[in-house]
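Novice: One structure, as structure tokens, below. Some questions next.
Readers should treat all values here as calculations from the given coordinates under stated rules, not as data from a laboratory. All of these numbers come straight from a predicted model, not from anything done at the bench. No Cβ is skipped: glycine too gets one built from the backbone with ideal geometry, and neighbour counts run over all protein chains shown.
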């Protein structure tokens, strides 16, 4: 008896519910997460790196102006430590101010040589790299998620965006700001940042590392808000006119764009510095002598009693020069880098 073989096919089927969970995790979860963490494609990370790079260039270039500003504001203590610089005389317990930018520069060059003008550059750069990077990345994130990607915010929106981004960055780097200010003052003889950090924490605790936070934010948040408002409004007025004046009425690029950004930054920095300088004077006093100036109100009273309203404008020239040029250069470099990476 013969048996016939009946051919058949075996078909294996599966449902989505039977998929291996581990395989599903690696196929569905890891790729999107990797894409989000990829530095090359993350806009916020690009903003952080571009801001850090632009801030580093401007900080190194204009550090001497920041040092001169700090020493002018701290000239009582600095004159005690360096009698050759004390070109003012006391009469009736009231100090007659006669320091200038050039007298401070001459004394620094005489006693500390050319490198003395860059005293405090390490804490300055250490503060700038994360600080400016955090500011620009926070600003980019806020523009994308809060302002719905609006690259031309209204004046009030620009002020709010700039102030919020600066508050985030300023609060996170306040310990480095305190160390930087003391390095520049000439009063504290710290050799390195780690020594300064340990000494301040041992003698003054966490409060010492955060002293001057309120006046710092009162100075920096309005400055950043006003600067962004002036900068964006000036750009909206200047860039279209330059484009229309071009040969093909097209968008401006290259050196012409950089020059327009730098010019807008100069004007914006000038206006914003004028408004916020009194807070800078208060901040410097509190960070250099926190025992004597332990609150904003006491510091204001002391300044007004000893120097009058003019005391709130001490060091305006070097600060305005530095903040204006530094902000203009930082924004110009940042805009160019962001344009090169395709985010402008």
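Novice: What order do you get for 178, 108 when you list them from fewest to most C-beta neighbours inside 10 Å?
Specialist: In order of increasing Cβ crowding within 10 Å: 108, 178.
Novice: Within the P(r) computed for the stretch 104-201, what percentage of the Cα pairs occupies the region above 19 Å?
Specialist: 55
Novice: Let me ask something else. Taking other Cβ within 10 Å of each residue's Cβ, how do 319, 207 sort, fewest first?
Specialist: With the fewest neighbours first, 319, 207 line up as 207, 319.
Novice: Further, regarding this structure: Could you grab the Rg to Rh ratio for the stretch 268-344? Cα atoms only, Kirkwood for Rh.
Specialist: 1.18
Novice: Simple spin-label model, 7 Å along Cα-to-Cβ: residue 115 to residue 206 in nm?
Specialist: For the pair residue 115/residue 206, the computed spacing is 3.7 nm.
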